[in-house]
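Q: Below is one structure. I have some questions about it.
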Amino acid sequence: MALAYAAMTATNIVPEKDMLVALGIMTVFAYLLEEIGKNIPVLKDLGGKVLVVTFLPAFLVYKHWLPESTVKVVSDFMDNNNFLMFFITLLVVGSIASMNRHTLVKATSRIIVILILCDVIGSLVGTGVGMLLGLSAWNTYFFIVAPIMAGGVGEGAMPLSIGYAAVMSGIEQNDIFGRILPCVMLGSLVAVLLSGMLRKIGEKYPQLNGHGNLIDGDDEHLDNLKGAAKPISVEKTLLAGVVAITIYFAAVYVEHLLKTTLGFSIPSPVILLVSLMGAKMLGFIPKEIEEGGNSLYGFTVRGITPPLLFGVGVAKTDWLELIEVFKSPATILTIILTVIAIVATAFIAAKILKMYPIDTAIAVSCCSGQGGTGALAILAAGDRMELMPFAQVAVRLGGAMTVTFAIFLMGLLS
């Protein structure tokens, strides 16, 4: 495949807007870069393959070292086909459908408590560190700490900047967005590194490691979230895939209906997540779909994750914006310690709530990532893709809480 790609590129015959070509290019680069990342000393133990597959392409695009035809076909595919949402839908449906219902109920309720604690402690620690380093409390919280915990770019930084612009007269929304975006990106990078470190800690201390299970089930006899190993049924896997697409259709329709009739909208990913979790908690998911969900999850993780990470690096990660924040050492340290505070809070709270600290901390740290793309990289670095439903809870719910509170507080103090 690499030789065929090289031949097409050298003769300048790479077709534009061709899904197979885009997927082929993403596959070639993703697995080659994964091999590089897995063999870099030290970095390989900190989620190196994820960092290389995601961030090296962004650097190569910035330096114009990737062929223009490659960048164009991959960017067009990522920008015009919502491939990330396709991935998240299959992964969330597959993992939720195949997990234990009682585990889902208990884990979700405890995750919400931990998210609230992380928001409070992360805000206090981050703002305190910024003030100690000479930054004002106003700038530290509203323009560094809150954006980190806002749940990403589209779901967090964008509504946050719109809300700030409405409160602060004379400042354009685009200026605010450009100011907070680098903090979001560096926060996500720190979370990826911490996720890789947590994975290594879990290997060294097995008692802290749930291997993808959030609830300590020693005395509750709960099944592992990964589901039992069963023979793969192509028919049941396809059925689970059809269910995933159907639920997404319904979510898009409900989002439009709310916007046109009530004047507000709930993002379709949130509707999909809540409706599916509700159906699972109430026992409405048939056995056939549960079994198909397990193999659908496995296919999505093993077959789609690496190419998607490369696509995110090429089309969704701006290298200049990422390095912009490195101009201020005080800002860098504030971001790093804010994310560490979030992870440490989740780790300690999980232990108290009889959850696995490693897995809980990895899932909750996704609230400081770049939304769906950040959650993907964080979970991949920690080898915990089965926790995507809880990562989405952290991103969507945790981010919404932060955005709402930050805008309210700014309005109160202005």
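Q: Here are 325, 339, 242, 254: which of them is at pLDDT 90 or above and more than 23 Å from residue 87 (Cα to Cα)?
A: 339
Q: Which of the helices (runs of 4 or more DSSP H) found entirely inside segment 82-185 contain at least 3 residues meeting this: touching a strand residue (DSSP E or B) at 6+ places or on another chain (Cβ under 8 Å) and surrounded by fewer than 23 Cβ atoms within 10 Å (Cβ to Cβ)?
A: Qualifying helices (runs of 4 or more DSSP H): 101-132.
Q: Right, something else. Return the only residue of 347, 299 being open to solvent by 10 Å² or more (accessible area, probe 1.4 Å), closer than 30 Å to residue 234 by Cα and either in a helix (DSSP H, G or I) or without any contact (Cβ under 8 Å) to a residue 60 or more places away in the chain (or both).
A: Sole residue among the options that is open to solvent by 10 Å² or more (accessible area, probe 1.4 Å), closer than 30 Å to residue 234 by Cα and either in a helix (DSSP H, G or I) or without any contact (Cβ under 8 Å) to a residue 60 or more places away in the chain (or both): 299.
Q: Further question on the same structure: Do we find that residue 400 is open to solvent by less than 20 Å² (accessible area, probe 1.4 Å) and either among the small types (Gly, Ala, Ser) or in a helix (DSSP H, G or I) (or both) in this structure?
A: When the stated conditions are applied, residue 400 does not pass them.
Q: Name the residues in segment 50-80 that are closer than 20 Å to residue 322 by Cα, among the hydroxyl-bearing types (Ser, Thr, Tyr) and over 20 Å from the mean Cα position of the chain (by Cα), would you?
A: 62
Q: Can we say residue 334 is assigned to a helix (DSSP H, G or I), in contact (Cβ under 8 Å) with a residue 60 or more places away in the chain and under 19 Å from the mean Cα position of the chain (by Cα)?
A: It is false that residue 334 is assigned to a helix (DSSP H, G or I), in contact (Cβ under 8 Å) with a residue 60 or more places away in the chain and under 19 Å from the mean Cα position of the chain (by Cα).
Q: Give the number of residues within segment 25-59 that are open to solvent by less than 20 Å² (accessible area, probe 1.4 Å) and without any contact (Cβ under 8 Å) to a residue 24 or more places away in the chain.
A: Residues in segment 25-59 being open to solvent by less than 20 Å² (accessible area, probe 1.4 Å) and without any contact (Cβ under 8 Å) to a residue 24 or more places away in the chain: 2 in total.
Q: If I filter segment 239-274 down to residues being open to solvent by 60 Å² or more (accessible area, probe 1.4 Å) and polar (S, T, N, Q), which single residue comes out as nearest to residue 97 (Cα to Cα)?
A: Across segment 239-274, the extreme among qualifying residues is 246.
Q: If residue 312 satisfies every condition in (1) under 21 Å from the mean Cα position of the chain (by Cα); (2) over 27 Å from residue 116 (Cβ atoms); (3) hydrophobic (A, V, I, L, M, F, W, C); (4) modelled with pLDDT of 85 or more but one, which is the exception?
A: Among (1) under 21 Å from the mean Cα position of the chain (by Cα); (2) over 27 Å from residue 116 (Cβ atoms); (3) hydrophobic (A, V, I, L, M, F, W, C); (4) modelled with pLDDT of 85 or more, residue 312 violates only (4).
Q: Okay, next question. Tell me, which residue of segment 361-383 that is modelled with pLDDT of 85 or more and open to solvent by 10 Å² or more (accessible area, probe 1.4 Å) is nearest to residue 142 (Cα to Cα)?
A: In this case the residue turns out to be 380.
Q: Quick check on residue 104: is it over 17 Å from the mean Cα position of the chain (by Cα), under 20 Å from residue 395 (Cα atoms) and either at pLDDT 80 or above or not basic (Lys, Arg) (or both)?
A: yes
Q: Please specify each residue of segment 1-22 satisfying the condition of being part of a helix (DSSP H, G or I), without any contact (Cβ under 8 Å) to a residue 60 or more places away in the chain and among the hydroxyl-bearing types (Ser, Thr, Tyr).
A: 5 - this is the single residue of segment 1-22 that is part of a helix (DSSP H, G or I), without any contact (Cβ under 8 Å) to a residue 60 or more places away in the chain and among the hydroxyl-bearing types (Ser, Thr, Tyr).
The values are calculated or read from the model by the stated rules, or taken from the named source; none is laboratory data. Please read these numbers as outputs of a predicted model, since none were measured by experiment. Backbone-built Cβ (ideal geometry, glycine too); neighbour counts: all protein chains shown. Surface areas here come from the heavy atoms of the whole protein model, side chains and all, with no ligands, DNA or RNA. Shrake-Rupley method; radii C 1.70, N 1.55, O 1.52, S 1.80 Å.
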